[in-house]
Amino acid sequence: MSAPPRVPFGDLARTVARLRPEIDAAVADVLDNGWFVLGAQVEAFEGAFAAHSGAAHAVGVGNGTDAIALALRAVGVGPGDEVVTSPLSAAFTALAISQIGARPVFADVDADTLTLDPASVEAAITPRTRAVVPVHLYGRPANMDPILAVARARGLAVVEDAAQAHGASYRGRRIGTLADAAAFSFYPSKNLGAFGDGGAVTTDDPDVAARVRRLRNGGQTTRYNHVERGVNSRLDELQAAILSVRLRHLDADNARRRAVAARYDAALAGVPEVVGPAPAGDSLPVFHLYVVRSPDRDGLAGRLAAAGIGTAVHYPTPIHLQPAYGGAARAGELPVAEAAAESVLSVPIYPELDEAEVAAVAGALEAQAEPARGR
Ligand SMILES: *Cc1c(COP(=O)(O)O)cnc(C)c1O
């Protein structure tokens, strides 16, 4: 058995340890109150999260997948509709579209940013298209202005998949306020993570917010009055209390991620063999992941492992080539996303990395320059 990596790819135990006293107090509050699903903690968190994103409303739901699905239903997407999205994402983006009986249609991504290519979005639109779901992949905002322009010109709704981008901004506007609605995940490893499942929809539209609020709780308006077929996708009080604690640290945590990213960028400056993330221009990314690209991805992963650095791949299979979506597109149809899936490698980036660990990752990246590799 090989030794665990010196720098683990992720380590949520450190997050718990760092925030333990605040978390313990928040959990004790919930236990003392004796109310566990959709209550004062959820309301308080919804208010704080809406304020943080600059959106008028935030509605807590059971997970990020449901946040996408319910946001889409709330903006009018239903069975048989087509929704254009990215094939380079967690498969849950597309599964959320399928969950409501709609059909995901995959457009290609931009070769530099790996987020949806607006021209490819336009080409994917058919008379059945009802919405576009851009993904703020790895914490980098998608190129929203041209995507919104294409969507508005065709009368399509836009729902942001912001599961990886809590606190990011695009041209001075916070993610979560850019489109008709935005969907967030609070899966534990996200920038803002619960200690269990959770999600939220943000929107400026009071009707969309009210509809998600109703849908998440069985389609009830008042108790036992089900006006439509909603789902059970409620946020619980323990997770909301924990999220309120973590939200207070989000800006500092994101700043730390950006500082670590800057160290990795500098390390890669003299390493043409390994390409770092493209500059973010006038966006402010939050580095949910720090993703490099190499034509020899598996070799690179092996050399980093030998140096004690944990890595992961996001994502090894584009969604249109997943067995679940066999037939959505043929291999070769979305060449940029397919090439990315073969070359991307994520290296450790989280707020709790210490200086020695950041130096170890930066050093291992720097050592990938051809002469230093000694072959
Ligand atoms: C995590 C994630 C989801 C799904 O969120 P869950 O809370 O796990 O349901 C959807 N899209 C993206 C881009 C994600 O990273």
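Every read-out reported here was derived from the displayed coordinates using simple, explicitly stated rules and does not represent laboratory data. Computed from a prediction, not measured in an experiment: that's the story for all the values here. Cβ: placed from backbone, ideal geometry, glycine included. Neighbour counts: every protein chain shown.
Points 7 angstrom from Cα along the Cβ direction at ALA153 and ARG14: gap in nanometres?
Those two pseudo-labels are separated by 4.6 nm.
Quick one: Cα convex hull volume of the range 250-374, Å³ per residue?
Details: hull volume 16.9 nm³, N = 125.
With only Cα atoms used, the range 250-374 gives 135 Å³ per residue.
Place the peptides 195-203, 124-132 in order of packing, highest mean first, counting for every residue the other Cβ atoms within 10 Å and averaging per peptide. Can you show the working numbers first?
On the way: 195-203: 26.4, 124-132: 17.7.
Highest to lowest by the protection proxy: 195-203, 124-132.
Hey, what number do you get for the chain at 222 nm if only DSSP H runs of n ≥ 4 count, each worth -39500 (n - 2.57), divided across all residues, to the nearest 500? Provide the component values of the computation, followed by the final result.
On the way: 12 runs with 149 residues, N = 375.
Computed mean residue ellipticity for the chain: -12500 deg cm²/dmol.
Among 345-358, 233-246, how do they line up by average Cβ neighbours within 10 Å per residue, starting with the highest? Could the numbers behind the result be given before it?
Numbers: 345-358: 18.3, 233-246: 23.5.
The peptides rank, most packed first, as 233-246, 345-358.
Suppose R0 equals 51 Å; then what is the FRET efficiency for ARG229 and ALA28 from their Cβ-Cβ distance, rounded to the nearest 0.05? Walk me through the numbers on the way to the answer.
Details: r = 38 Å, r/R0 = 0.74.
Calculated transfer efficiency: 0.85.
With a bin width of 10 angstrom, please list the P(r) values of the range 1-107 as percents of all Cα-Cα pairs, from the 0 bin to the one holding the largest distance.
Histogramming the range 1-107 at 10 Å steps yields 12, 25, 29, 23, 10, 0 percent.
Ranked highest first by the average count of other Cβ atoms within 10 Å around their residues, in what order do 313-320, 73-80 fall?
Per-residue mean Cβ counts within 10 Å order the peptides as 313-320, 73-80.
Tell me, in nm to one decimal, what length is gained between ALA278 and GLN322 on full extension, where the rule is 0.36 nm per residue of separation less the Cα-Cα distance?
Between ALA278 and GLN322, full extension yields 13.1 nm more.
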